Number of protein chains: 2
Amino acid sequence: MNAEALRALEVECAQRHAEFCKAGLALDLTRGKPAADQLDLASHLDGALQGDYRSEDGTDTRNYGGLRGIVEARRLGAALLGAPLAQVMAGGNSSLTLMYLFVETAHLFGLGDQGPWRDDAAGAPKVLCPVPGYDRHFAICEQLGIEMVNVPMLATGPDMDAVEAAVRDDPSIRAIWCVPKYSNPTGCVYDEATVARFAGLPKLAAPGFRILWDNAYAVHDLEPDPPHLAELFSLAKQAGTEDGVVMFGSTSKVTFAGAGVAFMAASTPVLGAFEQRLGALMIGPDKVNQLRHAKLFPDMEALTSHMRRHAAIIQPKFEAVQEALEAGLAGTGFATWTRPRGGYFVSVDTLPGLAREVIRLAADAGVKLTPAGATFPYGRDPEDRNIRLAPTFPPLADVRRAMEVFINCVRLASARASLQENS
Amino acid sequence: MNAEALRALEVECAQRHAEFCKAGLALDLTRGKPAADQLDLASHLDGALQGDYRSEDGTDTRNYGGLRGIVEARRLGAALLGAPLAQVMAGGNSSLTLMYLFVETAHLFGLGDQGPWRDDAAGAPKVLCPVPGYDRHFAICEQLGIEMVNVPMLATGPDMDAVEAAVRDDPSIRAIWCVPKYSNPTGCVYDEATVARFAGLPKLAAPGFRILWDNAYAVHDLEPDPPHLAELFSLAKQAGTEDGVVMFGSTSKVTFAGAGVAFMAASTPVLGAFEQRLGALMIGPDKVNQLRHAKLFPDMEALTSHMRRHAAIIQPKFEAVQEALEAGLAGTGFATWTRPRGGYFVSVDTLPGLAREVIRLAADAGVKLTPAGATFPYGRDPEDRNIRLAPTFPPLADVRRAMEVFINCVRLASARASLQENS
């Protein structure tokens, strides 16, 4: 675009922006939350037991005990995570809590033979963070005082050359955060070669290195023929690196976001060592709610068919986002974006230095976006260009309207920046 | 008793013991768990919502958010704990988890203005433990590496002279564990003077001192006209020591032991500081289960009437324990014991040095008792005489049978020890 075209664009977008600002909108694309009609799909969860609180092995789920959860819930977790039943724990309502406690245990208490990271001779521990990534992973490290090191995300998953080089060169790198399927926020699915390299990674790293495999979107496909994530646990077993793999997942975006069941999988010694710590923190998870979930999903078939109903609700919202991006930004060079086949997010990269400004402009027009930098450790996006869009929670019409505003903000900010650069 | 009488007793008890051993019993008085018929009282919990998941302020309890819990659950907690609604959090299924995380936060992370205990200039932190006490409190301190200091329990609560002297003399004492009503295991209720002295305690102690007030048995009365526990929060407010009081409780032994709702109360700044930590650990508690509980117990009247039905089930078991103790040990000088008016335990003190032996004898006869020392920090009963009996879980007939065995074991061990001492 020449300067004249840019000036015309700036005028047009500024005028539209002013109109949006006057319209008194109150829209929100920040929240990776299911919409009410998605939650309705599981509204029979309360009452699912019909008075029978016994698990299949006769356990009275109403009483104390059983740190690892009931067997039918663990079986569901095993299928969800792709891990052997014997190595799966079914927990409470939050996989985030399991992740926090696992990292904290490794850092402050030690896991079995492995002493605490904080006492390690290799120095203060570091954790690799593929970026952009999930802010709550970063918040765990930040609160525990664990240094985070960025590695780039590619369309195939983390840049494995960078990951392997990092763990080889620096023994103080103790773990890596991963969302391997429909990664938050780019939506990419780690490809087979990437997962295979992950299976070998603990061999390149210092002893006690952990892959924190947060498979939050394991079954959250938008398409009937979804991409396949290779099974890291089998590959790691073959490679003899099982102790280096810790998996997490939950039904938070399957049944109820606040009242689902979380899962975790790890090798027998690692899970056992973690349970040593957990045993002082709690007597056991809510087994009644685990049993409800097992009733709802007696097998993966039932779960998969349930997830297709989720997809029917949210797929049009993701399509609306893509249509708006395509119609408003394709060919402009103002932004690139991802086309996720599942999960909860779309990731947009503006021109360098414009994310904060776009988010500010959108806020002025009544459209809340995830704060700039949120997808990076310490809230610092080094190029200030990544914006995470979360289209599931608002009604479809709101998603469309919010995207109109957003696209116009990107165009406006880009036109202004380009003009300034040319002058 | 003279030597001859003791010898006769020893012979009689040894013979009975041998018969018990041959009977192949498998009885268990170890577990502070509700019996199945107690759990049945709340069997309508699953399904209580009848499809309506909205809390009274319109919150969709199925979705993410709300670290402090929903208002109707918090109101229930406020009534249960005797604390202002604004200072009450409703949590997940475990008050133990809240206690662990609170103590850990104070010790490793710091709470608001108060730096972490571990960094304190006063030296390595210590926590006062009235003994005998609750093993899971001690396990928290042990896992966190916090030194425990015993103080004696009296019939009126902890020996407050000893408690006050300890906190006055030693600024490294940072907290005290309390079960103020139907204390585990003695069953005593702290009297009014004791609670009043607790309200003043933080003034005598170093800054940041916390009273960990685990009111686990707040509504677990066995009698229609139960003893009253003075309201520590009001007294502390008057004394200006509110920041020093942290209360915990739950519905674990009200509804379901594994699937109830936990509560916590603290001053506004202390609760706020704790939530800072909690916010990295979880998005929020299971609000759906909170709403179920609020439906079951719309007010304290409903809760109290529910607890009377619990009492009707377990009071005969407590009576059977008292009858057996009375019939078998009164006037022998072989033991003293408590007569709790609520809670879950009876505490027996044998002659010094005999608890371990009595428990061993009972095990040989097929009666499991709580391991010796469990009611003391580090599992060390300095006089080896305290035994905790938990009569709620087994059927009444089993409680009676187990008590026959137990009484005979106390008599046998006492006769033998007395003979040895006389010889």
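Couple of notes before you dig in:
- Restricting region A:279-302 to residues that are over 20 Å from A:L98 (Cβ atoms) and aliphatic (A, V, I, L, M), the residue that is surrounded by the most Cβ atoms within 10 Å (Cβ to Cβ): A:L296
- Within the set B:V179, B:V163, the sole residue that is crowded, with 23+ Cβ neighbours inside 10 Å, outside the structural domain of B:T338 (by TED's automatic domain parsing) and in contact with an Asp or Glu (Cβ under 6 Å, 6 or more places away or on another chain) turns out to be B:V179.
- Region B:337-368, residues that are in a loop (DSSP other than H, G, I, E, B) and out of contact with any Lys or Arg (no Cβ under 8 Å at 6 or more places or on another chain): B:T338, B:R339, B:P340, B:R341, B:A365, B:G366
- If you check A:T194, A:T241, A:T251, A:T255 for being touching a residue at least 12 places away in the same chain (Cβ under 8 Å), closer than 20 Å to A:R308 by Cα and either among the small types (G, A, S) or in contact with a Gly (Cβ under 8 Å, 6 or more places away or on another chain) (or both), only one passes: A:T251.
- From the options B:A372, B:A397, B:A417, residue that is in contact (Cβ under 8 Å) with a residue 60 or more places away in the chain and not assigned by TED's automatic domain parsing to the domain that holds B:M148: B:A417
- Restricting attention to region A:295-327, the residues being within 14 Å of another protein chain (Cβ to nearest Cβ), closer than 29 Å to A:P340 by Cβ and more than 22 Å from the chain's Cα centre (by Cα) number 1.
- All positions within region B:205-227 that are touching a helix residue (DSSP H, G or I) at 6+ places or on another chain (Cβ under 6 Å) and more than 17 Å from B:V246 (Cα to Cα): B:V219, B:L222
- B:R62 part of a loop (DSSP other than H, G, I, E, B) and surrounded by 23 or more Cβ atoms within 10 Å (Cβ to Cβ): yes
- Selection status of A:G123, in contact (Cβ under 8 Å) with a residue 60 or more places away in the chain, away from chain B (no Cβ under 14 Å) and either outside any loop (DSSP other than H, G, I, E, B) or not hydrophobic (A, V, I, L, M, F, W, C) (or both): no
- Residues of region A:257-289 that turn out to be in contact with an Asp or Glu (Cβ under 8 Å, 6 or more places away or on another chain) and polar (S, T, N, Q), as a count: 2
- Remark: A:P171 falls outside the filter, which requires a residue to be under 17 Å from the mean Cα position of the chain (by Cα), in a loop (DSSP other than H, G, I, E, B) and either over 10 Å from A:V131 (Cα atoms) or free of Cβ contacts under 8 Å to residues at least 40 places away in the same chain (or both).
- Some residue of region A:153-165 being more than 21 Å from A:A390 (Cα to Cα), small (G, A, S), in a helix (DSSP H, G or I) and free of Cβ contacts under 8 Å to residues at least 12 places away in the same chain: yes
- Residue that is farthest from the other protein chains (Cβ to nearest Cβ) [pool: residues in region B:276-294 that are assigned to a helix (DSSP H, G or I) and touching a Gly at 6+ places or on another chain (Cβ under 6 Å)]: B:Q290
- Across region B:246-263, the number of residues qualifying as assigned to a loop (DSSP other than H, G, I, E, B) and more than 13 Å from chain A (Cβ to nearest Cβ) comes to 0.
- For region A:103-112, the candidate set comprises residues that are crowded, with 24+ Cβ neighbours inside 10 Å and under 18 Å from B:T105 (Cα atoms); within that set, the residue that is nearest to the other protein chains (Cβ to nearest Cβ) is A:V103.
- Being surrounded by fewer than 19 Cβ atoms within 10 Å (Cβ to Cβ), under 20 Å from B:A218 (Cα atoms) and of a type in the set (D, E, K, R) holds for only one residue in B:E192, B:E147, and it is B:E192.
Residue by residue, here is whether (1) surrounded by fewer than 17 Cβ atoms within 10 Å (Cβ to Cβ); (2) of a type outside the set (F, W, Y); (3) not assigned by TED's automatic domain parsing to the domain that holds B:F334 holds:
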{"position": "B:D37", "(1), (2), (3)": "yes, yes, yes"}
{"position": "B:Y53", "(1), (2), (3)": "no, no, yes"}
{"position": "B:G66", "(1), (2), (3)": "no, yes, yes"}
{"position": "B:L76", "(1), (2), (3)": "no, yes, yes"}
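Conditions (1) closer than 23 Å to A:G145 by Cβ; (2) at pLDDT below 95, marked per residue:
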site: B:Q114; (1), (2): yes, yes
site: B:W117; (1), (2): yes, no
site: B:V127; (1), (2): no, no
site: B:I146; (1), (2): yes, no
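- Of all residues in region A:33-71 being touching a strand residue (DSSP E or B) at 6+ places or on another chain (Cβ under 9 Å) and small (G, A, S), the one that is farthest from the other protein chains (Cβ to nearest Cβ): A:G69
- Residues within region A:20-49 that are free of Cβ contacts under 8 Å to residues at least 60 places away in the same chain and either in contact with a helix residue (DSSP H, G or I) (Cβ under 7 Å, 6 or more places away or on another chain) or basic (K, R) (or both), tallied: 1
- Filter result (more than 10 Å from every other protein chain (Cβ to nearest Cβ) and within 26 Å of B:T251 (Cα to Cα)) within region A:72-94: A:E72, A:A73, A:R74, A:M89, A:A90, A:G91
The values are calculated or read from the model by the stated rules, or taken from the named source; none is laboratory data. Because the structure is predicted, anything quoted here is derived from the model rather than measured. Glycine gets a Cβ as well: all are built from the backbone with ideal geometry, and neighbour counts include every protein chain shown.
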